[in-house]
1. Consider only pairs whose beta carbons are under 8 Å apart and that are at least six residues apart or on different chains; among these, list those whose first residue lies in segment 43-54 and is β-branched (Val, Ile, Thr) and whose second residue is within 12 Å of the ligand (Cβ to nearest atom).
2. Between a residue in segment 227-246 that is closer than 13 Å to residue 65 by Cα and surrounded by 11 or more Cβ atoms within 10 Å (Cβ to Cβ) and any residue that is modelled with pLDDT of 95 or more and of a type in the set (Ser, Thr, Tyr), which pairs come within a Cβ distance under 7 Å, given they are 6 or more apart or on different chains?
3. Right, residue 216: surrounded by 15 or more Cβ atoms within 10 Å (Cβ to Cβ) and away from the ligand (no atom under 14 Å from the Cβ) or not?
4. Taking into account only those residues within segment 112-126 that are aliphatic (A, V, I, L, M) and surrounded by fewer than 17 Cβ atoms within 10 Å (Cβ to Cβ), which is nearest to the ligand (Cβ to nearest atom)?
5. Among the candidates 367, 416, 410, single out the residue that is under 30 Å from residue 185 (Cα atoms), at pLDDT 95 or above and among the basic types (Lys, Arg).
6. Scan segment 316-326 for residues that are touching a residue at least 40 places away in the same chain (Cβ under 8 Å) and surrounded by fewer than 22 Cβ atoms within 10 Å (Cβ to Cβ) and jot them down.
7. Looking at 308, 312, which one is among the charged types (D, E, K, R), in a helix (DSSP H, G or I) and either more than 25 Å from residue 357 (Cβ to Cβ) or in contact with a helix residue (DSSP H, G or I) (Cβ under 7 Å, 6 or more places away or on another chain) (or both)?
8. Just to be sure before I move on: is residue 180 over 10 Å from residue 381 (Cα atoms) and either within 16 Å of the ligand (Cβ to nearest atom) or touching a residue at least 40 places away in the same chain (Cβ under 8 Å) (or both) in the structure I sent?
Amino acid sequence: MVTTSGPQAAARPVDAVVVGAGLSGLYQLHRLRQLGLTAMVLEAGDDIGGTWYWNRYPGARCDIESMSYSYSFSPELDQEWEWRERYASQPEILRYIHHVADRFDLRGDVMLRTRVTRAVYDQDSHLWHLSTDTGLAVTARFVILATGCMSVPKDPGIPGADSFTGAVHHTARWPREDVSFAGKRVAVIGTGCSGVQAIPVIADEAASLTVFQRTPAYVLPAHNRPLRPAEIAQLKARYPEFRRAQRLSRGGTVFEPPTRSALEADETERTAAYEAAWDEGFLNGLLRTYTDILTDEKANETVAEFVRSKIRSIVDDPATAELLSPRTYPFATKRPCLGTDYYATYNLPHVSLVDLRTTPIETITPRGIRTSDGEHVLDMIVFATGFDALTGSQLSIDIVGKGGVPLRDRWAEGPRNYLGLVTAGFPNLFTVLGPLSPSVLTNIAVSLEQQVEWITDCIAHLRRNGITEIDAAPDAEADWGVHVAEVADRTLYPVVDSWYTGANVPGKPRVFLAYAGGLDRYREQCDTVARNGYTGFLLSS
Ligand code: NA7
């Protein structure tokens, strides 16, 4: 049921509401339609695209190869779309998403500029009542949160930000109109993947660029380039087989898995393997050299030191090279970054690096940024300070489940759900790419299809069998939480403060937020649950 507030409210039945019109939400709409459901997508933005709509900062680019980071559900789409670059830029990905929306005629069921503010479950009717910031109210049997893993920008919490008289931008809320850096003294705060991509592009144009770094990233070269017609044709010729391999893979990308420990190899052999990976330019290239990079600190240190040696060889000033060298956390326990000319940018005379560990920011002033070392006078500040990842987008909606329990209370000590899909007490509410699922540890284009397809099959099963409610059983949910934590504990991930552990947001519970067991194992578990009649779920009519 859809109503606007007021007596003349129009009404029409809706089987399902999808929240978010990014890659996940659009595919979910497509699948629900194929099922014959009435479905609508509610999207806060002015346009479709999700992550690729919002993150339009200079240099924004995917760090998975374009021919892998795309939908696989339509062989025709695979053949007709032509990617231009090895790693697609944000505008190219947005064009692709628009093409898909047009090709599958999806726009008609997407309501833009409509932010879902509240969702309340009515236990008697087994229906969700959604409220939005436009006054539109919607009632639906199923709700699918396709709200993205990285869609709530993190408040950097730096005092004085409002007092700055120059321009301020956040990479994740970049304006649609052109932003010129010409002749400007620009600061970038943050050196995660967004900062790493933006910094060289801003440096190209700005009069001066000052980078404020708290923690250095491990940045690997993307070796981005235009795709050659022959390689496009070659992959297209075997796309069906390639897509199948992606689906069955550990992380949604196809590669030969390593077989040996880094510690079994001698230094010459290791260095050769790392050099080869460095030259290939894959985000996970170095991770894939040996079996134990993510599980053994000593093995990890061999890669970490290799990256540091690369930094030293690129950056002219040894002191700057040292500041750029990560030493406080193992390689890849925070997401590594794929960069283009990132380290070389620090050799430019108008680019400087401020180490916030030794000279922290005290305040933003009307003229610029004051650290413990003095004031930096600026015309523009760019925050590249990241996101309230994985749980932020769900918790920004006031979701109230069975018995009037708010999701914020249920998740007070960290997210809880079964298979990363449904939280106990919040029936018929599914999440795509949410916490405790493989999501950000994989090629999300592959993960989202797996989850959307599972959710669609599940809804089809419920409808076929006259079931009106699916909920997670509390014990299955608890077991899943234990399993996710156990799998993470076998790796080096949980020991590090990062957005993977929620540690980047003050006050956020510290929990490892993704399923590190691999998409292949995850898929198998989801499929087994479905095959066995949705074990671990409570079904009722
Ligand atoms: P990230 O990876 O969370 O990076 C944020 C960066 O901003 C990181 O270097 C932070 O340092 C820094 N930061 C955050 N808050 C502050 C404050 N208050 N002061 C100084 N520096 C700060 O976000 P990105 O947008 O770059 O990338 C997110 C993901 O999006 C990326 O991994 C891809 O998957 C796509 P810290 O490390 O916390 O010390």
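1. Pairs found: 51/148; 51/150; 51/151.
2. Close Cβ pairs (under 7 Å, with a partner that is modelled with pLDDT of 95 or more and of a type in the set (Ser, Thr, Tyr)) amount to 246/68; 246/72.
3. In short, no.
4. Top of the filtered list is 112.
5. Answer to the selection: 367.
6. 323, 325, 326
7. 312
8. no
The values are calculated or read from the model by the stated rules, or taken from the named source; none is laboratory data. In this text the structure is predicted, and so the values were computed from the model without any measurement. As a convention, Cβ positions derive from the backbone with ideal geometry for all residues, glycine included, and neighbour counts pool all protein chains shown.
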